[in-house]
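The values are calculated or read from the model by the stated rules, or taken from the named source; none is laboratory data. Note that the coordinates shown come from a computational prediction; the quantities given were computed from them, not determined experimentally. All Cβ positions, even for glycine, are placed from backbone atoms using ideal geometry, and neighbour counts span all protein chains on display.
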Protein chains: 2
Amino acid sequence: MDASTHPARGGWNSLARNYEARIARGHALVGGKVVPADRTTALLEAVIEPGDRICIEGNNQKHADFLARALAEAAPERVHDLHVVQSNIALAPHLDIFESGIARRLDFCYAGPQGLRLAQLVAAGKVEVGAIHTYLELYGRYFTDLTPRVSLIAAEAADRDGNLYTGPNTEDTPAIVEATAFRSGVLIAQVNRIVDKVPRVDVPGDWVNYVVEAPKPHYIEPIFTRDPAAITDIQVLMAMMVIRGIYEKYGVTRLNHGIGFDTAAIELILPTYAEELGLRGKICRYMSVNPCPTLIPAIESGFIDAIHCAGSELGMERYVSERSDVFFIGRDGTMRSNRVYCQLAGHYADLFIGSTLQIDLEGNSSTATHARITGFGGAPNFGSESRGRRHGSPAWLAAGREAHRQGMPRGRKLVVQMVETFKEGLSPTFVERLDAWDLMDTFNMPLPPVMVYGDDLTHIVTEEGIANLLLCDSLAERAQAIRAVAGYTEVGRKRDRQMVEMLRARGAVVYPEDIGVDKRLASRDLLAARSIKDLVRWSDGLYAPPARFRNW
Amino acid sequence: MDASTHPARGGWNSLARNYEARIARGHALVGGKVVPADRTTALLEAVIEPGDRICIEGNNQKHADFLARALAEAAPERVHDLHVVQSNIALAPHLDIFESGIARRLDFCYAGPQGLRLAQLVAAGKVEVGAIHTYLELYGRYFTDLTPRVSLIAAEAADRDGNLYTGPNTEDTPAIVEATAFRSGVLIAQVNRIVDKVPRVDVPGDWVNYVVEAPKPHYIEPIFTRDPAAITDIQVLMAMMVIRGIYEKYGVTRLNHGIGFDTAAIELILPTYAEELGLRGKICRYMSVNPCPTLIPAIESGFIDAIHCAGSELGMERYVSERSDVFFIGRDGTMRSNRVYCQLAGHYADLFIGSTLQIDLEGNSSTATHARITGFGGAPNFGSESRGRRHGSPAWLAAGREAHRQGMPRGRKLVVQMVETFKEGLSPTFVERLDAWDLMDTFNMPLPPVMVYGDDLTHIVTEEGIANLLLCDSLAERAQAIRAVAGYTEVGRKRDRQMVEMLRARGAVVYPEDIGVDKRLASRDLLAARSIKDLVRWSDGLYAPPARFRNW
């Protein structure tokens, strides 16, 4: 066989030759790496080809919003039928391109507020959804069957050689850049400013084809900021149970917190309740989480040794920079985030705790609700048993002894859902059947969209108590343990009192008094900070809350 | 509270101040980034402090061997009690430093040939083993509780600003570098040559503190090269069964191959047997694997769309460079590898297939043998169910339908062990009890060292047939399905013929004739290449086998 002509392709190195042709077209238009903002759409029309797989960077924090808009303004007769492979569908232009025919197929992780419009476009036949992923698996597919041909990314600054500085919001950039640059793909970066020398090199200029200074800084919003003023006494009670019944019991030192008020309550009683219990240095030492402002009092109190972040949070920049003992910081003094490593560290940590909207009697849970297509981002990765893990830790081994009481001894990751029995509007959290079943039918999905599977879950914490699913021997026992903490919901009222007592005797159901949690202490008085202003005070003025939180 | 003095540390930014002091000592000694080779040990004595966590880079391919030797020559009264956190214990100096007291504690992934000496040093109280990891979980811990303070890494070339070029063997470098550089750690790189301008920047010079040109190029050996001449007729038979009974049945397009002769046999009958079955474009399109020479005929035949590699393989450099349609290639024309992304892609692929030394009746398997401490590298990650996965694919959904026949529908990763019933020396592969139980006791491990757990495994392929564990409803059935393919081993001879027939009727046991595999065709004649020379011919002379394989 003549190795110079691959039978399936009519000649080897077709990708590389195609890349050269794209770059030649691009350079003919803009002359070099630096692209004038008003030529951006023309550049995209020159380097993107119909049917291309493309990625428009954007996740929890920064978004390549200028490039997204520039693409939406391209002529659909030149740029069409694109296959979008990216983390988030978050901005209107992300869906505008489907409406106009520029894009047709979509593989993604999370839609959020655009979920409703996405569902409508799917119904109208404008979007073909390939699959909904968690972050790590989408990055994995970037290196197998979903490598982007052209990626539009966002950074803080660039020099004229294309070296990029992402600042504290590195986020998904390294994964996107590596997959694209090393498979003959085209990389275009929007930056807030072009400078002579970047404060640190986050992406080598070699890898980047074009940089454009956007007219406005990239879109970013504070999505991990929780005002302590909104935390309730009930959340404090649940937080106390988590600390005594789970963190202290298993000796949890490495963990990932969800980003709701429930876990913020835990963070805010570490310097008070947990300190009094003598737990400093024994729990919560290493975290994989964004720099949530509610972590400040625990950091200042010496609870937390290290935090690695997927991205940053508006207003936390100076505080984080001044706490290089705890956060990952570049030689320039600002934070380094990286979602791949943060997700990896969280997956292999000893515990994940978060919230959900619905839990069924097997413990399957989902945040998916009717009429929207959303996805779960990183939660299924954090909230699943790490089956490839082989290293021991006290918490993992202790949970494993409960989980594997016979046969081959194993470790076990702790996966906790922390929920109130009723959500806002008095709809019950506990249900006989998840809405996910209907969603599967409505959106023609291959499986019901479950966020955390029941057999990955180990504990459910409500204002009533803790269900320890590891100590349940059958699905029937599991259902009763769940009913036991489901309060006055219909699911809770159907509990079998005798079976619940039996489960309680075994430790599979735990009420506050069983673990020495004094309900009378469960009030906001336990919170180390009760307002955003308190957080600023704890930070010694380093935390600069964004405008929408300056309501104090 | 005064935020400038953390209660636990006597002042914030202690890591950063300590970093500055180390760099000041280093610069006082060597004056800049470029270190003369004969000052290397002195530099290490200057920048490493007692009790430091350090990482000496080295994995399947390249090793920072010169820096390892330089560290072994340090004075134990200056450098002692180090905590080593690294992938491999592969070279003598890696253990010499424990013998001399320079290092004391060890967290690692894989020991290989040094496993025996490691066991002896553990017994002698010279090494305290923290834990044995798989690669991804160790990288995860680099971003939580095992961040290196000083890392000694290896690259192909550096410029005088410290920009590094790793060439095709990037391997673990990005993970080590990022964890160290962004937590006020010190990075020292050995390179084969210092140049004016590196061919591409793999690690920005900003991140790197010192570079030293080693007297000899870094250690590297061809560990993924399998000579087709050593493949047996039996291995061809098993490969035929895998292709018909698993790849074709489920439509497996994204997968990871182990690196033994068994999986090499599969690769070498793709262009013959699978081609004749019309499977080109339907199976084996995307792989996460090193560039094994036995993949060449399948690549040349148009079977494989893309391969992402953890590292390279000696002799494959030119071939890989000329096949940029398939491999990930830098702008400089040489391969880009990266173990983090390769492990991620493989974990979320549809199938892993590899070999093992022992399998018990639950399907638990291990390569750990007596008197050695080894570890499993990446196998447990590839060979475990990806519980965080949420995207569907035909193979994953088809396996899920078999695995979850009631309750919540799910997908399922295919995890296959391909073994002959007897190993060399006629010791049986199938055993009632793994040696891993004894190893746990001998080495005082918290758990038996199992490589792939039985409930992660889906299929066992032997020369007798295929056990499909997904279709077994109980541990008793699982044991019988395993006995059914265990041949004349003691485990096999104890099979219950009636139960095996029942399992066969259900498809839980499959013999070659059940899937149209004609045993008479099972010979080396089916191999697309029968020698290293054949591989060179298929490669059009681009593959340059290393000396030890030039035996033809």
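Can you give me the number of residues within region A:446-476 that are in contact (Cβ under 8 Å) with a residue 40 or more places away in the chain, of a type outside the set (Phe, Trp, Tyr) and within 14 Å of chain B (Cβ to nearest Cβ)? Working first, answer last.
Taking region A:446-476 first, the residues in contact (Cβ under 8 Å) with a residue 40 or more places away in the chain are A:448-471, A:475.
Now narrow it down to the ones that are of a type outside the set (Phe, Trp, Tyr): A:448-452, A:454-471, A:475.
Keeping just the survivors that are within 14 Å of chain B (Cβ to nearest Cβ) gives A:448-452, A:454-458, A:475.
Total meeting the criteria: 11.
Pick from B:Leu152, B:Leu118, B:Leu138, B:Leu82: which is under 23 Å from A:Gly411 (Cα atoms), of a type in the set (A, V, I, L, M) and in the same structural domain as B:Pro204 (by TED's automatic domain parsing)? I'd like the intermediate steps shown before the answer.
Details: B:Leu152 fails: under 23 Å from A:Gly411 (Cα atoms); B:Leu118 fails: under 23 Å from A:Gly411 (Cα atoms); B:Leu82 fails: under 23 Å from A:Gly411 (Cα atoms).
Matching residue, one of B:Leu152, B:Leu118, B:Leu138, B:Leu82: B:Leu138.
From the residues in region B:155-189 that are of a type in the set (D, E, K, R) and assigned to a strand (DSSP E or B), which one is farthest from B:Val34 (Cα to Cα)? Spell out how you get there, then give the answer.
Of the residues in region B:155-189, the ones of a type in the set (D, E, K, R) are B:156, B:159-161, B:171-172, B:178, B:183.
Now drop any that are not assigned to a strand (DSSP E or B), which leaves B:156, B:183.
Working: B:Glu156: 15, B:Arg183: 22 Å.
Going through the qualifying residues, I end up with B:Arg183.
For the condition free of Cβ contacts under 8 Å to residues at least 40 places away in the same chain, within 21 Å of B:Arg193 (Cβ to Cβ) and not hydroxyl-bearing (Ser, Thr, Tyr), what is the one hit in B:Gly51, B:Gly58, B:Gly31? First the steps, then the outcome.
Numbers: B:Gly51 fails: within 21 Å of B:Arg193 (Cβ to Cβ); B:Gly58 fails: free of Cβ contacts under 8 Å to residues at least 40 places away in the same chain.
Going through B:Gly51, B:Gly58, B:Gly31 in turn, just one is free of Cβ contacts under 8 Å to residues at least 40 places away in the same chain, within 21 Å of B:Arg193 (Cβ to Cβ) and not hydroxyl-bearing (Ser, Thr, Tyr): B:Gly31.
Among (1) surrounded by fewer than 24 Cβ atoms within 10 Å (Cβ to Cβ); (2) within 25 Å of A:Arg339 (Cα to Cα); (3) touching a helix residue (DSSP H, G or I) at 6+ places or on another chain (Cβ under 9 Å), there is one condition B:Gly205 misses while meeting the rest; what is its number?
(3)
So is B:Ile243 within 14 Å of chain A (Cβ to nearest Cβ), assigned to a helix (DSSP H, G or I) and at pLDDT 95 or above or not? Give the derivation first.
Details: within 14 Å of chain A (Cβ to nearest Cβ): no; assigned to a helix (DSSP H, G or I): yes; at pLDDT 95 or above: yes.
Taking the combined requirement at face value, the residue does not satisfy it.
Residues being in a strand (DSSP E or B) and more than 7 Å from every other protein chain (Cβ to nearest Cβ): count how many of those fall in region A:324-344.
To start, the set of residues in region A:324-344 that are in a strand (DSSP E or B) comprises A:327, A:329, A:335.
Remaining after also requiring more than 7 Å from every other protein chain (Cβ to nearest Cβ): A:327, A:335.
Qualifying residue count, region A:324-344: 2.
Answer yes or no: is there a residue in region B:302-319 that is touching a Ser or Thr at 6+ places or on another chain (Cβ under 7 Å), in a strand (DSSP E or B) and under 30 Å from A:Tyr348 (Cα atoms).
Yes: one or more hits.
State whether one or more residues within region B:520-528 are without any contact (Cβ under 8 Å) to a residue 40 or more places away in the chain and not acidic (Asp, Glu). Even if it seems obvious, please write down each step before you answer.
Step one: list which residues in region B:520-528 are without any contact (Cβ under 8 Å) to a residue 40 or more places away in the chain, which gives B:520, B:525.
Right, trim to not acidic (Asp, Glu) and you get B:520.
The answer is yes, given that some residue of region B:520-528 is without any contact (Cβ under 8 Å) to a residue 40 or more places away in the chain and not acidic (Asp, Glu).
Scan region A:379-395 and tell me whether some residue there is in contact with a Leu (Cβ under 7 Å, 6 or more places away or on another chain), of a type outside the set (Lys, Arg), crowded, with 24+ Cβ neighbours inside 10 Å and more than 27 Å from B:Ala345 (Cβ to Cβ).
Checking region A:379-395: at least one residue is in contact with a Leu (Cβ under 7 Å, 6 or more places away or on another chain), of a type outside the set (Lys, Arg), crowded, with 24+ Cβ neighbours inside 10 Å and more than 27 Å from B:Ala345 (Cβ to Cβ).
Determine whether region B:412-432 contains at least one residue that is at pLDDT 95 or above and surrounded by fewer than 17 Cβ atoms within 10 Å (Cβ to Cβ). Walk me through how you get there before you give the answer.
Our first condition is that a residue be at pLDDT 95 or above; within region B:412-432, this holds for B:412-422, B:428-432.
Now narrow it down to the ones that are surrounded by fewer than 17 Cβ atoms within 10 Å (Cβ to Cβ): B:432.
Yes; the residues of region B:412-432 include at least one that is at pLDDT 95 or above and surrounded by fewer than 17 Cβ atoms within 10 Å (Cβ to Cβ).
Within region A:112-129, identify whether any single residue is within 11 Å of chain B (Cβ to nearest Cβ), touching a His at 6+ places or on another chain (Cβ under 9 Å) and either over 28 Å from A:Ile23 (Cα atoms) or among the polar types (S, T, N, Q) (or both), and answer yes or no. Lay out the reasoning, then the answer.
So the first thing to find is which residues in region A:112-129 are within 11 Å of chain B (Cβ to nearest Cβ), and the list is A:129.
Narrowing further to those that are touching a His at 6+ places or on another chain (Cβ under 9 Å): none.
No, because not a single residue in region A:112-129 is within 11 Å of chain B (Cβ to nearest Cβ), touching a His at 6+ places or on another chain (Cβ under 9 Å) and either over 28 Å from A:Ile23 (Cα atoms) or among the polar types (S, T, N, Q) (or both).
Quick check on B:Val236: is it among the hydrophobic types (A, V, I, L, M, F, W, C), in contact (Cβ under 8 Å) with a residue 12 or more places away in the chain, under 29 Å from B:Gly281 (Cα atoms) and within 14 Å of another protein chain (Cβ to nearest Cβ)? Give the derivation first.
Details: among the hydrophobic types (A, V, I, L, M, F, W, C): yes; in contact (Cβ under 8 Å) with a residue 12 or more places away in the chain: yes; under 29 Å from B:Gly281 (Cα atoms): yes; within 14 Å of another protein chain (Cβ to nearest Cβ): no.
Answer is no for this residue.
Among the candidates B:Thr166, B:Thr144, which residue alone is in the same structural domain as B:Asp196 (by TED's automatic domain parsing), without any contact (Cβ under 8 Å) to a residue 12 or more places away in the chain and in contact with a helix residue (DSSP H, G or I) (Cβ under 6 Å, 6 or more places away or on another chain)? Steps first, answer last, please.
Details: B:Thr166 fails: without any contact (Cβ under 8 Å) to a residue 12 or more places away in the chain.
The unique qualifying residue is B:Thr144.
Looking at region B:451-469, can you tell me whether even one residue there is within 30 Å of A:His391 (Cα to Cα), touching a Pro at 6+ places or on another chain (Cβ under 8 Å), buried (at least 18 other Cβ atoms within 10 Å of the Cβ) and in the same structural domain as B:Gly315 (by TED's automatic domain parsing)? Talk me through it step by step, then tell me what you get.
First, pick out the residues of region B:451-469 that are within 30 Å of A:His391 (Cα to Cα): B:451-461, B:467-469.
Among the residues that remain, those that are also touching a Pro at 6+ places or on another chain (Cβ under 8 Å) are: B:451-452.
Remaining after also requiring buried (at least 18 other Cβ atoms within 10 Å of the Cβ): B:451-452.
Restricting the remaining residues to those that are in the same structural domain as B:Gly315 (by TED's automatic domain parsing) gives B:451-452.
Yes, the conditions are met somewhere in region B:451-469.
Here is a list: A:Asn444, A:Asn551. Which entry is on the phi > 0 side of the Ramachandran plot, in contact with a helix residue (DSSP H, G or I) (Cβ under 9 Å, 6 or more places away or on another chain) and modelled with pLDDT under 95? Spell out how you get there, then give the answer.
Details: A:Asn551 fails: on the phi > 0 side of the Ramachandran plot.
Of the residues listed, the single one that is on the phi > 0 side of the Ramachandran plot, in contact with a helix residue (DSSP H, G or I) (Cβ under 9 Å, 6 or more places away or on another chain) and modelled with pLDDT under 95 is A:Asn444.
Among the residues of region B:363-404, write down those that are more than 14 Å from the chain's Cα centre (by Cα) and of a type in the set (A, V, I, L, M).
The answer is B:Ala368, B:Ala371, B:Ile373, B:Ala395, B:Leu397, B:Ala398, B:Ala399, B:Ala403.
Filter region A:30-49 for residues that are surrounded by 15 or more Cβ atoms within 10 Å (Cβ to Cβ) and part of a helix (DSSP H, G or I) and give the result.
Pass one, region A:30-49, residues surrounded by 15 or more Cβ atoms within 10 Å (Cβ to Cβ): A:30, A:33-35, A:39-49.
Answer for region A:30-49, where residues must be surrounded by 15 or more Cβ atoms within 10 Å (Cβ to Cβ) and part of a helix (DSSP H, G or I): A:Val30, A:Arg39, A:Thr40, A:Thr41, A:Ala42, A:Leu43, A:Leu44, A:Glu45, A:Ala46, A:Val47.
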